[in-house]
1. Using a basic spin-label model with each label point 7 Å from the Cα along Cα→Cβ, how many nm lie between residue 57 and residue 35?
2. Could you give the nm distance between label points at residue 19 and residue 50, where each point is 7 Å from its Cα heading toward the beta carbon?
3. So between residue 73 and residue 105, what do we pick up on full extension, going 0.36 nm a residue minus the alpha carbon distance?
4. Quick one: grab the alpha carbon gyration tensor of the range 11-82, order the square roots of its eigenvalues as a ≥ b ≥ c, and give me rounded if a/c is under 1.5, else prolate or oblate depending on whether a/b is larger than b/c.
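Every read-out reported here was derived from the displayed coordinates using simple, explicitly stated rules and does not represent laboratory data. From a predicted model like this one, the values you see are computed outputs, not experimental measurements. Using ideal geometry, Cβ is built from the backbone for each residue, glycine included, and neighbour counts are taken over all protein chains shown.
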């Protein structure tokens, strides 16, 4: 992990900061301060890992819920199923047994005059 402000700090500035901390807190308390800072950093890291894990778990649950309740999969299943009884009339195959037939004694309609009829 790189801190943003450490890129601009040189060696001399870092030594100066360490000497100032040593003079303020003393040599005996520095190990306990470092230990406390280490524990705090570890707690922050575990907390962020937990938050990341919770977010990943919730998004995985959400994605699984979408896959299960996706209306597009229902439509796909309906399309892939065999044709149903309520198909449009235009797409049904002709059935000679149920098709309409003209009566056997019917005559074709003929126009007796060659003149076009006026409407």
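1. 3.3
2. With each label point 7 Å from Cα toward Cβ, the separation is 4.3 nm.
3. 6.1 nm
4. Because a/c hits 1.5 or more and a/b exceeds b/c, the range 11-82 counts as prolate.
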